[in-house]
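Student: To start, I am sharing the structure in question, which I have written as structure tokens.
The values are calculated or read from the model by the stated rules, or taken from the named source; none is laboratory data. Just so it is clear, the structure is predicted and the values come from calculations on it, not from any experiment. In this analysis, Cβ positions are derived from the backbone assuming ideal geometry, glycine residues included, and neighbour counts consider all displayed protein chains. Side chains included, ligands, DNA and RNA excluded: accessible areas come from the protein's heavy atoms. Shrake-Rupley method; radii C 1.70, N 1.55, O 1.52, S 1.80 Å.
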Amino acid sequence: SGEFTIGILGDNESLFKELTKMSKVKKVANQAFSIKSYASVTEVNNPHILYIPSDQAVELSKAVSKLKGKSTLIVTEKPGLAKKGSAINFIIVGNRQKFELNKTTAEQHKLKVASTLENLAVMVN
């Protein structure tokens, strides 16, 4: 219940604007969603999804610690981060956008992974 929240760590104005525009016309499972920008991990207050861009990758371990036990999906975009605490990590493989999925990490955050998502992912432990 309530509003679905997507958080972005750091200053990523173009992504923030694009997601905010999308939030005005789309819903997540019939639920409104909002976009929040966090200057630092200390400001993160329990979003449903936390996106950590590559320029903020050094903050991943702090975010993982802060959100431990919470149902927050942590998404990153730098090689190797799915093994360091993110559940989904966007990567480039052969000039194609792919994503790594760390199912164990997702489950530690009380998230269930659909088999269709697993089938599309590069699995990481």
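Student: At 7 Å along Cα-to-Cβ for each site, give me the label-to-label distance between residue 24 and residue 95 in nm.
Tutor: It works out to 3.7 nm between the two label points.
Student: Moving to a separate point now. Which one of 82, 32, 57 has the biggest mean-square fluctuation once the chain is modelled by GNM with Cα springs under 10 Å?
Tutor: It is 32.
Student: Mean-square fluctuation check for the chain, GNM, Cα pairs under 10 Å: which of 61, 14, 23 is largest?
Tutor: Checking each option, the largest mean-square fluctuation is seen for 14.
Student: Right, something else. Quick check: residue separation of residue 31 and residue 119 times 0.36 nm, minus the Cα distance between them. What number comes out in nm? Write down the numbers at each step before the final one.
Tutor: Values: separation 88, 0.36 × 88 = 31.68 nm, distance 2.64 nm.
Length gained, residue 31 through residue 119: 29.0 nm.
Student: Under a point-charge model restricted to the Cβ atoms of Lys and Arg (+1) and Asp and Glu (-1), what is the dipole moment magnitude of the chain relative to its Cα centre, in debye to the nearest 20?
Tutor: On the way: 18 positive and 11 negative charges, 60 e Å.
Rounded to the nearest 20 debye, it is 280 debye.
Student: In debye to the nearest 20, how big a dipole does segment 73-125 give about its Cα centre with +1 on each Lys and Arg Cβ and -1 on each Asp and Glu Cβ?
Tutor: Working: 8 positive and 4 negative charges, 14 e Å.
The dipole of segment 73-125 has a size of about 60 debye.
Student: For segment 32-125, which GluC sites (Glu not before Pro) are in a loop by DSSP, counting at most 11 other Cβ atoms within 10 Å?
Tutor: Details: sites: 43, 59, 77, 100, 107, 118; in loops: 77.
Here no loop site has a sparse enough neighbourhood.
Student: In segment 61-81, which residues have a backbone nitrogen under 17 Å from the label point lying 7 Å from residue 40's Cα in the Cα-to-Cβ direction?
Tutor: Residues 61-67 fall inside that zone.
Student: Might you work out the accessible area of residue 20 for me, using a 1.4 Å probe with all protein chains in place, and round it to the nearest 10 Å²?
Tutor: 40
Student: For a quick check: with amide H placed at 1.01 Å from N, whose amide H comes under 5 Å from residue 50's, ignoring anything fewer than 5 positions away on the same chain?
Tutor: Result for residue 50 returns 7, 73, 74, 75.
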